[in-house]
2 protein chains.
Amino acid sequence: MVSQQATRLVAGTPAIAAAHFVAEADPYDSMSNPDGYVNVGTAENRLVWDMLGPRLCAARAVTAADVRYAPLHGTVALRSQVARFLARGGAPIDPEDLVVVSGATAALDIIASVLCDPGEALAVPVPYYGALDTDLTGRSGARLVPVPPLAGAPLPDAAAVVDTVRRARSAGTTVRALVLTSPHNPLGLIYRETELRAFASACAALDLDLIADEVYAHCAFAGPAFVSARDAASGPLDPQRVHVVWGFAKDLGLPGLKVGVLHTRQPQVRVAARELAYFAPVSTDTQWLLTELLAADDWTVQFLTTSRNRLAASYAAAAGHLTAAGVPFRPAEAGFSIWTDLRGWLDAASPEAERLLWQRLFRSGRINLLPGAVFHHPEPGWFRLCHTTDPATVAEAVARLRHVLGDSTTAFPPR
Amino acid sequence: MVSQQATRLVAGTPAIAAAHFVAEADPYDSMSNPDGYVNVGTAENRLVWDMLGPRLCAARAVTAADVRYAPLHGTVALRSQVARFLARGGAPIDPEDLVVVSGATAALDIIASVLCDPGEALAVPVPYYGALDTDLTGRSGARLVPVPPLAGAPLPDAAAVVDTVRRARSAGTTVRALVLTSPHNPLGLIYRETELRAFASACAALDLDLIADEVYAHCAFAGPAFVSARDAASGPLDPQRVHVVWGFAKDLGLPGLKVGVLHTRQPQVRVAARELAYFAPVSTDTQWLLTELLAADDWTVQFLTTSRNRLAASYAAAAGHLTAAGVPFRPAEAGFSIWTDLRGWLDAASPEAERLLWQRLFRSGRINLLPGAVFHHPEPGWFRLCHTTDPATVAEAVARLRHVLGDSTTAFPPR
């Protein structure tokens, strides 16, 4: 009845979505639903609606022409504004090199489908955003080759990419590109320009394209300024081999609008990406809204500044709660989450122990946060805690965490 | 550089889109651009903006919750309204059986991908909407088996489907489903309930699913009332094997919004379709708008009644111009176009002669209308003329047609 290609997709559904909707159906509220789920699993920026609301609710000067068939890779008007927006502080972007589609997921699917035939592979350093498994492989038929760190290194670097890709090729796998999330999701780290250049050099040496998922580009609140791979990698690597994905979900706080962008300077890739955009276009109604949003420079600057300040404050508050609770974590520089170290509360250093702790946190604590396994983290015991929601919810999440962890019989002493 | 799967897609680009954008870049206007293209090739209903404008331009009571992640197969609110809307005059529809995605194209791609593995086939009576070639096969890897009429019959009927599918199977092809456009695009005919039941019986006998593309459901302005395959085919065929595609482009006059709907009552198909919807979701901003639009019953009834009256008037005017110009056509009952008979002006009864006439009309006449070849019509010389634009443009189109045709040296006398 159902095709094999669809059956494979059903089997590969990521856990992220399911937990999100269970938690959202019964959300914590200190007054009305104190026993509800605290959702620190979903990477949404809920700190910026006061700035967005007036723009989204306003009357719109839409005309008849705005609801007609438009180019299916995005209107000229929106692509022009996105080009301006993304080029801040870097080289100019040609709007013709942008493909606007219904979500960063669609943009990732498209670049994977354009670069890979079924069975061909993309290398991805671990840990990585878990939904990449579906986004990059679900429809394209590509597969992911995880890049672990080299012995002794804390994280995979360019040398690790070279090592993994050479091994994969020796084993007969065709590897087409390296995929980075930059800033890093889930670690919340900003890649240094030297790191990006090293990855780019590795790509050049290995004859790989580079795909950079930069959906958190404007969510950097500490550390060095964010640098796009489009600027940093071009030089060591042919600019036509650098493909950047961006979207309105994180930087503009509009995840429900499902608007993603692919930037590519390779003419054939661009033609093919436009063809695939035919299957995932964005409503011209929403494109009109986003064009207006980005066209107002004063608003955009103010929004990004305020958003960055609020992200920093939210992060500081959450980090404070964790420190006070005696829960270690890895300091973050960007994004919506804290990579939280619950290794000390596992019954054993095993994936199964991590799964059991996650289950206990979800069921007993009614806390929705995601375990490292979702992000292919090689070492069990790390969890991604998203803090960009109302401060009472974050405080409640850490209080519950402390409560559930306090009940543990631990084999490993907390540090 | 570019994958084989993407290269195949680029090679198969339909001519429709290209001609549309060339013509739209330089549009006819009796005052400001009298030498521009007259566009009677694009199936848009441009007669209803006065009713839509106030709704689309109004302030929106969107809340923070409306821009968060939502179910990727459509919000509960929109699916409930669409279920109500589509069930008018027929059996109730469960909103859980609806999958809302970014366009009818995406909905067609999804049902083809769920029912077919690459190489498997869908049977489609000719002529058929040309973009089905891309929509149903471009990403799914399925292929289409055209169903020609049986000898002596004007159009393919259920017996023709049986004949074609049996032949295809004898030749080793796995055929999974029959695809109908209902009302028929490009012919503008409303299938009678007896015809739909006969197609459904053929599907049951052949072990086929039935996919009905009903995007013109509410564009029937003459002849009998439209009956959905969801109602007519259920009985002769297991209702779980009837899958209906609908969208806001034609019936609501909102093609740029790219919102399509798949209705299926087969649980596994539904699960798989939801997974595929993950790659082609609709902006919650636009979903909010459409929910409000359909929730206002008074407005909907008034809109559909007025739209139908305007379609009938537009058709009558265009038919009058053609008759006055001595150009024969096939009477239509639904849709935006007239199937126009230019056989008498071909230099020969060949596809090449049709192509040359099309080129002459486009280049000398600057008329954008589509030749029968785009719709896989077996007999050369038919063209689809869309009349649902401003009356002066339609009058100009027929005047130019007459002018270009009058210049012809014809091998066949006009009838």
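The values are calculated or read from the model by the stated rules, or taken from the named source; none is laboratory data. Given the structure is predicted, the values throughout are model-derived calculations rather than measurements. Every residue, glycine as well, gets a Cβ built from its backbone with ideal geometry; the counts of neighbours run over all protein chains shown.
Does at least one position in region B:228-235 carry a residue that is in a strand (DSSP E or B), among the hydroxyl-bearing types (Ser, Thr, Tyr) and under 25 Å from B:GLU96 (Cα atoms)? Let's see the steps before the verdict.
Residues of region B:228-235 in a strand (DSSP E or B): B:234.
If we keep only those that are among the hydroxyl-bearing types (Ser, Thr, Tyr) as well, we get B:234.
The next check asks that each one be under 25 Å from B:GLU96 (Cα atoms); those that pass are B:234.
Yes, there is a match, as at least one residue in region B:228-235 is in a strand (DSSP E or B), among the hydroxyl-bearing types (Ser, Thr, Tyr) and under 25 Å from B:GLU96 (Cα atoms).
Of all residues in region B:346-372, those that are among the β-branched types (Val, Ile, Thr) have Cβ atoms under 8 Å from Cβ atoms of residues that are not in a helix (DSSP H, G or I), 6 or more apart or on another chain, in B:ILE367/B:TYR37; B:ILE367/B:VAL38; B:ILE367/B:VAL40. In the condition set (1) farther than 22 Å from B:ALA273 by Cα; (2) modelled with pLDDT of 95 or more; (3) within 9 Å of another protein chain (Cβ to nearest Cβ); (4) in a helix (DSSP H, G or I), B:MET51 is compliant with all but (3).
Every residue, every condition in (1) assigned to a loop (DSSP other than H, G, I, E, B); (2) over 16 Å from B:CYS386 (Cβ atoms); (3) under 23 Å from the mean Cα position of the chain (by Cα), yes or no:
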| site | (1), (2), (3) |
| --- | --- |
| B:MET1 | yes, yes, no |
| B:ALA6 | no, yes, no |
| B:ALA18 | no, yes, yes |
| B:ASP35 | yes, yes, no |
| B:VAL38 | no, no, yes |
| B:THR42 | yes, no, yes |
| B:ARG46 | yes, no, yes |
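Being more than 10 Å from chain B (Cβ to nearest Cβ) and among the aliphatic types (A, V, I, L, M) is a description that does not apply to A:ALA272. Can you run down the residue pairs with Cβ atoms below 6 Å, 6 or more apart or on separate chains, where the first is in region A:252-276 and touching a residue at least 12 places away in the same chain (Cβ under 8 Å) and under 18 Å from A:GLN240 (Cβ atoms) and the partner is surrounded by 23 or more Cβ atoms within 10 Å (Cβ to Cβ) and of a type in the set (Phe, Trp, Tyr)? Every condition considered, the pairs that remain are A:VAL261/A:TRP246. Collect the residues in region A:383-415 that are modelled with pLDDT under 95 and among the basic types (Lys, Arg), keeping them in residue-number order. Listed by number, the list holds a single entry, A:ARG415. Across region B:132-148, the number of residues qualifying as in a loop (DSSP other than H, G, I, E, B) and away from every other protein chain (no Cβ under 13 Å) comes to 1.
Out of B:ALA153, B:ALA106, B:ALA112, B:ALA159, report the one residue that is surrounded by fewer than 19 Cβ atoms within 10 Å (Cβ to Cβ) and either modelled with pLDDT of 95 or more or part of a helix (DSSP H, G or I) (or both). None of the others qualify; the one that does is B:ALA159.
Out of B:ALA91, B:ALA61, B:ALA121, which single residue is free of Cβ contacts under 8 Å to residues at least 60 places away in the same chain, farther than 30 Å from B:GLU24 by Cα, of a type outside the set (Val, Ile, Thr) and out of contact with any Ser or Thr (no Cβ under 6 Å at 6 or more places or on another chain)? Steps first, answer last, please.
Numbers: B:ALA91 fails: free of Cβ contacts under 8 Å to residues at least 60 places away in the same chain; B:ALA121 fails: out of contact with any Ser or Thr (no Cβ under 6 Å at 6 or more places or on another chain).
Sole residue among the options that is free of Cβ contacts under 8 Å to residues at least 60 places away in the same chain, farther than 30 Å from B:GLU24 by Cα, of a type outside the set (Val, Ile, Thr) and out of contact with any Ser or Thr (no Cβ under 6 Å at 6 or more places or on another chain): B:ALA61.
For region B:54-73, which positions are under 29 Å from the mean Cα position of the chain (by Cα), assigned to a helix (DSSP H, G or I) and more than 7 Å from every other protein chain (Cβ to nearest Cβ)? Within region B:54-73, B:PRO54, B:ARG55 qualify. When B:ASN39 is tested against (1) touching a strand residue (DSSP E or B) at 6+ places or on another chain (Cβ under 6 Å); (2) free of Cβ contacts under 8 Å to residues at least 60 places away in the same chain, just one condition goes unmet, and that condition is (2). Hey, among the residues in region B:17-47 that are buried (at least 20 other Cβ atoms within 10 Å of the Cβ) and among the β-branched types (Val, Ile, Thr), which one's nearest to the other protein chains (Cβ to nearest Cβ)? Filtering first and then ranking leaves B:THR42. Considering every residue within region B:237-253, establish whether at least one is polar (S, T, N, Q) and crowded, with 20+ Cβ neighbours inside 10 Å. No: region B:237-253 contains no residue that is polar (S, T, N, Q) and crowded, with 20+ Cβ neighbours inside 10 Å.
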